[in-house]
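Working notes for the structure below.
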Amino acid sequence: MDAAPSSFPSSSPSPQPAAPRPGRSALTRYAGLLAALVAMCVLFGALSEHFLTAASFRTIANQIPALAVMAVGMTFVLIIGGIDLSVGSVLAFSGAVMSVAIVQWDLGLAAGIGLALVTGMVCGAFTGTISVSLRIPSFIVSLGMLEMARGGAYTATGSRTEYIGGNVSLITDPWVAGISPAFLLALIIVMMGHVLLNRTVFGRHLIGIGTNEEAMRLAGIDTHPPKILVFMLMGLLSAVGALFQVARMEAADPNAGVGMELSVIAAVVIGGTSLMGGRGSVLASFFGVLIIAVLESGLAQIGASEPTKRIITGIVIILAVVLDMYRSRAASRSS
Amino acid sequence: MTEPQTSMPLLRLEGLGKTYSGPVLADVSLDLHAGEVLALAGENGAGKSTLSRIVGGLTSASAGSMLIEGRPYRPASRRAAERQGVRMVLQELSLIPPLSIAENLFLDTLPSRYGLLDRGGLHRRAQPLMARVGLADMDPETPVGDLGIGQQQMVEIARGLTGDCRLLILDEPSAMLTDRETALLFDQIEQLRALGVAIVYISHRLDEVKRLADRIAILRDGRLAGVQSAAAMQVEDIVRSMVGRDVGAAFDPGGRTIGDALLDVRGMSRGRAVHDVSFTLHRGEILGFAGLVGSGRPELMRLLFGADRPARGDMVLEGRPYRPRSPREAVAAGVAMITEDRKGLGLLLPLAISANVTLASLRTVANGGFIDHRAEADAARRLIGDLRIRCRDGDQPVAELSGGNQQKVVLARWLLRDCPVLLLDEPTRGIDIGARYEIYALLAELSRQGKSMIVISSDLRELMLLCDRICVMSAGRLAGAFKRGAWDQDSILAAAFSGHLQSSSQEQA
Amino acid sequence: MKAALRLILAAAAVALIGVGGAQAADAKPKIALVTKSLANEFHQTLLNGAVADQKARSGEYDLIANGIKNEGDTAGQIQLVEQMIVNKVDALVLAPADSKALIPVVKKAIDAGILVINIDNSLDADTLKSKGIHLPFVGPDNRKGARLVGDYLAGKLTKGDKVAIIEGIPTAFNAQQRTQGFKDAMAAAGMTIVSLQSGQWEIDKANTIASSLLTEYPDLKAILCGNDSMAIGAVAAVKSAGRTGQVLVVGFDNLAAVQPMLNDGRLLASVEQHGSKLGVFGIDVALKALKDKVPQNKIDALIETPVDLALKK
């Protein structure tokens, strides 16, 4: 702070005070996503008589925690210019370890949860370390981890759905006003992710790495540890997702989360996070999660056929990204 | 030099304009005759590139019209322009590195026999073109990626010469060429002119412009500030016309005191690029490094900055051994690097000025890992004021700034970090003349405050203007050092060539 | 029950003859078992049952047992069958991943002199006929099983109640059969099917759909699921909607994991199709035919295995 030269002729008037964070563009960003969300709700509300009810939204709220926390992790991964395809498998593996620890080893709920979280983190650390230190694209390493973790899930459970029962469901049982602790926990994680990205040195480093890693290196910042940490965080949040899912079903399914990586990436991309790295927002990803959840739930409520669901989901993903592209172009033009 | 011609111009521009979010080019009317070299001069953002891109078919004009030999000309694409004989060599290389020279030259018209690439025919066609740009002794099979950047530029130019060419646009063709290659390029331009080809030449090197061009068209803020015969203009006139005012008078290199030794470099060697280099940098000193391309200056900087490790050699910084194993350690020790490639390696372009300024010293504006946005904004605002960075505010993305102001942002980063040693590689490359002097003044001011700097530049006059001492490197060795007042251009150049004359002639570029 | 009885008799006969014959034969027959996804508990159980049986009767036959990576990996299963042809096995017991795509490679196996027995999910009858293949099918009648659990459910409901079906992957033959069985039972008892959607055999997809159905139809009385994984998802949805006991759920497969749910009534009923024995049933049919030198086209076309209701224990 005291480093700056003070003897410069400071004749030029200082620019006006810095604009309040998070700035104008952030507001328009969320406004756009919010508008899309409202439009979808109105549409489904018109098509289905029970969509616009408290019960309906309570249901959605209790379904999204896993997707929401994983989207937080994926936002970070995409921001550093990486990708993690293994999240669905890591979820299944962590859930499997948890169920085995509780049911077969009789370790109790707390130890089971702890082991699940450690499992997820170790998977993430593996992907991150291999990819970052050997400079192999995370796409490839996480593809390998996708297979390994899935195999681990089958091995741990003996390919059987493992019933846990007991008090594991406390995490996801409706609580105050029909909202589960899991949903509140997910909201807290989303907020923490948002703060981590926008208000901390760590978050700033991640954005810098995703924007221009070489510039970060030349600025004297060691870029490897934060990148590995991001993958560990992703693994940890996949395990939290597993916790939510296992608790809700009271059972660990080794086939859980197949294809989930695509839903997570879709949610994050709908939120406007760039696959090229450097640009993204945790809150916007959460809106992406809401859009996907509302779409899924709405289509199920109007009883759309499987092919129709897929076609409409695909259209919404592409549409969201196209609109976001136009929006950001318009924003950069108006500035 | 050509007399004003009364015949029909090859190309006539009438009231040409281009508007993106604001106007970048307005009301440009200009005639270009066959066999004429017209230089386009102007600061960055003056509209030179936009104008040439419109003529070359890469963008369309928002206003005005163009005529070629009296017929309306409105190319929809680069291909369409090429069909009319208008060819363009772009500033950025657009070659495909894994393909060979010959394949790159005829990318759009690759000859084939029975569906297979006809290599023989391709090479027969490539050879004369390569000879025209001085690449006669290269194998047409050589992948372009294996060539030096200057040679790649020559391939790019050769590609502009394929097929029918009546009007050739060269956008900063000499920016990356060695003197020898530049001379070859000028020969080539003379030949084309003799053949009646009209040439639009865009360059920052004003002496070059004056030597080569028949007429000089000067653009300022998107408008034509004047078109004059090159013979009638001095370099100073061109600059004044470009900037719209006098520059340079304000710069005063004096008033500096050089202190004791700060960085002592002894016997630095690495591979063939750097061999047994020793020198001492003093407190408050600006030390220049001159040399030809390939003399090992950037490689030496990488050693000083810990990006590479030396094979041999020691360094002492502020009395302590200095052996950086990574840029991080160099920065921690107080040595900062300001790269030549500002956009590619220096800045986080889409991010705000404040984020770029505080990047290397985030801890100082953070509490327990949380960034104090107020402190960050304050720091940025202070440096914006101190360095007179022209911007809206600290939240403006760096990408929206001009080259000179971007460079100031990089400088601000290291001022905030308070690094006593700054390594500057080509600190004014791509920066407008007017802004250049501001940078010079800034560097001089910093040295008065006790900062030490090592400056690499291919512009000898820049070094002579700025530095207290100039070290000359040649073929990886230190070929001489000259103090201010004891140097002249000829002796520096002689030193720069000395290593090449002794060692070998196989050095290609 | 008649079919089951017949099968058990047949199996007993096979067992008797098999034991006697094994000593007489110079070499043990080599049987290949190719099942569907080992990620699926049902098929894992099927395969494990066969492996255990071979261990117990190792003097009688050799077994090469294989499964594929996931339900959709039809190409992988075709490759497995081709490897078995190269391996010159005597008989192939196949649980096909696809009702049509496996037919060409089955024909190849038969042409190579391998006895092929179809278990679990029957290959498409019309295509088989058009290729002139006679393929004995050993397996449960999925439609019958679904009808069984559907009828049981109907007994707990009153006529006109609203019910919904969550089916498996709609292109799969057994999914279609189960859905048809559910529909038969509901139609016979006069229930109203308000929605039929696919849960893709998956726990989470079924959970999403069930949750939406519960919102959309406040007076929904039952959810019929094409397998137990989806039933677990539906049970969780019913619970989080706070309607346990008001909305009944039935499944199919009788996974170990659903036993606690059957016991406390969250899941009303499931269908046991004796998966652990299904592979052995197929192997027995193959062994008997090999022993008696019955050619492919003389084996009974349909050998049905038992399906039973799985209830609270």
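Against the condition surrounded by fewer than 18 Cβ atoms within 10 Å (Cβ to Cβ) and either at pLDDT 90 or above or within 7 Å of chain A (Cβ to nearest Cβ) (or both), how does B:Asp386 come out, does it pass? So B:Asp386 does not fit the description; no. Inspect all residues belonging to segment B:191-207 and state whether any of them is in a helix (DSSP H, G or I), over 20 Å from B:Leu167 (Cα atoms), in contact (Cβ under 8 Å) with a residue 60 or more places away in the chain and assigned by TED's automatic domain parsing to the domain that holds B:Ala26. Within segment B:191-207, one or more residues are in a helix (DSSP H, G or I), over 20 Å from B:Leu167 (Cα atoms), in contact (Cβ under 8 Å) with a residue 60 or more places away in the chain and assigned by TED's automatic domain parsing to the domain that holds B:Ala26.
Can you say whether C:Ala91 is more than 18 Å from C:Phe42 (Cβ to Cβ) and away from chain A (no Cβ under 14 Å), as far as the supplied structure shows? The answer is yes for C:Ala91. Taken as a whole, the condition of being in contact with a strand residue (DSSP E or B) (Cβ under 6 Å, 6 or more places away or on another chain) and acidic (Asp, Glu) applies to C:Asp120. One residue is enough: does segment B:355-365 have a residue meeting the conditions without any contact (Cβ under 8 Å) to a residue 40 or more places away in the chain and under 27 Å from the mean Cα position of the chain (by Cα)? Yes, that holds for at least one residue. Remark: pairs (first residue in segment A:218-238, of a type in the set (Lys, Arg); second residue assigned to a loop (DSSP other than H, G, I, E, B) and buried (at least 24 other Cβ atoms within 10 Å of the Cβ); Cβ separation under 6 Å; 6+ apart in sequence or on different chains) = A:Lys227/A:Ile80. With the structure loaded, tell me whether A:Val195 is within 10 Å of chain B (Cβ to nearest Cβ) and touching a Phe, Trp or Tyr at 6+ places or on another chain (Cβ under 9 Å) or whether it fails that test. Yes; evaluated as a whole, the condition is true for this residue.
Could you pull out every one of the strands (runs of 3 or more DSSP E) wholly within segment C:55-127 that has 1 or more residues that are in contact with a Pro (Cβ under 7 Å, 6 or more places away or on another chain) and not assigned by TED's automatic domain parsing to the domain that holds C:Asn174?
Filter on segment C:55-127 gives C:91-94, C:115-119.
Among the numbered conditions (1) crowded, with 20+ Cβ neighbours inside 10 Å; (2) at pLDDT 90 or above, the only one that A:Ser133 does not meet is (1). Across segment A:110-150, the number of residues qualifying as among the aromatic types (Phe, Trp, Tyr) and under 24 Å from A:Glu250 (Cα atoms) comes to 0.
If only residues of segment B:224-250 that are within 22 Å of the chain's Cα centre (by Cα) and in a loop (DSSP other than H, G, I, E, B) are counted, the one that is modelled with the lowest pLDDT is B:Gly248.
The residue that is surrounded by the fewest Cβ atoms within 10 Å (Cβ to Cβ), counting only those in segment C:91-113 that are more than 22 Å from C:Thr305 (Cβ to Cβ) and in contact with a strand residue (DSSP E or B) (Cβ under 8 Å, 6 or more places away or on another chain), is C:Ile110. Among the numbered conditions (1) buried (at least 22 other Cβ atoms within 10 Å of the Cβ); (2) within 13 Å of chain A (Cβ to nearest Cβ), the only one that B:Thr428 does not meet is (2).
Can you name every residue in segment B:176-186 that is hydrophobic (A, V, I, L, M, F, W, C) and either assigned to a helix (DSSP H, G or I) or closer than 14 Å to B:Leu212 by Cα (or both)?
B:Ala183, B:Leu184, B:Leu185, B:Phe186
Okay, residues lined up against (1) closer than 25 Å to C:Ala101 by Cα; (2) crowded, with 23+ Cβ neighbours inside 10 Å; (3) of a type outside the set (S, T, N, Q):
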site	(1), (2), (3)
C:Ile117	yes, yes, yes
C:Thr127	yes, no, no
C:Ser130	yes, no, no
C:Val138	yes, yes, yes
C:Asp141	yes, no, yes
C:Gly150	no, yes, yes
C:Leu153	no, yes, yes
C:Lys156	no, no, yes
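Applying a threshold of 6 Å to beta carbon distances and a minimum spacing of six or more residues, or different chains, the list of pairs starting in segment A:162-173 at a residue that is more than 7 Å from every other protein chain (Cβ to nearest Cβ) and ending at one that is assigned to a helix (DSSP H, G or I) and among the polar types (S, T, N, Q) reads A:Ile164/A:Ser99. Summed over segment A:110-140, the residues that are on the phi < 0 side of the Ramachandran plot and either of a type outside the set (Gly, Ala, Ser) or not in a helix (DSSP H, G or I) (or both) give a count of 18. Taken over segment A:30-49, residues that are buried (at least 16 other Cβ atoms within 10 Å of the Cβ) and assigned to a loop (DSSP other than H, G, I, E, B) amount to 1. Residues that are among the hydroxyl-bearing types (Ser, Thr, Tyr) and under 17 Å from the mean Cα position of the chain (by Cα) within segment A:279-320 comprise A:Ser281, A:Ser285, listed in sequence order. Quick check on this structure: which one of A:Ala266, A:Ala320, A:Ala251 is within 14 Å of chain C (Cβ to nearest Cβ) and among the small types (Gly, Ala, Ser)? Checking each option against the conditions leaves just A:Ala251. For segment B:160-175, the count of residues that are assigned to a strand (DSSP E or B), of a type in the set (Gly, Ala, Ser) and more than 29 Å from B:Phe497 (Cα to Cα) is zero.
Restricting attention to segment B:141-162 and to residues that are of a type outside the set (A, V, I, L, M) and closer than 22 Å to B:Arg87 by Cα, the residue that is modelled with the lowest pLDDT turns out to be B:Gly150. Only one of the listed residues (B:Arg297, B:Arg374) is in contact with a Gly (Cβ under 6 Å, 6 or more places away or on another chain) and either under 26 Å from B:Gly404 (Cα atoms) or not assigned by TED's automatic domain parsing to the domain that holds B:Gln489 (or both). That residue is B:Arg297.
Reported count of residues in segment C:128-159, each being within 16 Å of C:Gln177 (Cα to Cα) and part of a loop (DSSP other than H, G, I, E, B), is 1. Filtering segment C:207-229 to residues that are over 17 Å from C:Ala269 (Cα atoms), more than 9 Å from chain A (Cβ to nearest Cβ) and buried (at least 23 other Cβ atoms within 10 Å of the Cβ) leaves only C:Leu220. Restricting segment B:355-383 to residues that are surrounded by fewer than 17 Cβ atoms within 10 Å (Cβ to Cβ), within 7 Å of another protein chain (Cβ to nearest Cβ) and touching a strand residue (DSSP E or B) at 6+ places or on another chain (Cβ under 7 Å), which is modelled with the highest pLDDT? Once the filter is applied, the top-ranked residue is B:Phe370. Could you list, in sequence order, the residues of segment B:21-45 that are outside any strand (DSSP E or B) and among the aliphatic types (A, V, I, L, M)? Within segment B:21-45, B:Ala34 is the sole residue that qualifies.
Scan segment A:251-275 for residues that are touching a Ser or Thr at 6+ places or on another chain (Cβ under 6 Å) and surrounded by fewer than 24 Cβ atoms within 10 Å (Cβ to Cβ) and the total you get is 0. If only residues of segment B:145-160 that are β-branched (Val, Ile, Thr) and farther than 21 Å from B:Ala198 by Cβ are counted, the one that is surrounded by the fewest Cβ atoms within 10 Å (Cβ to Cβ) is B:Ile149.
The values are calculated or read from the model by the stated rules, or taken from the named source; none is laboratory data. Model, not experiment: these values are computed from the prediction. As a convention, Cβ positions derive from the backbone with ideal geometry for all residues, glycine included, and neighbour counts pool all protein chains shown.
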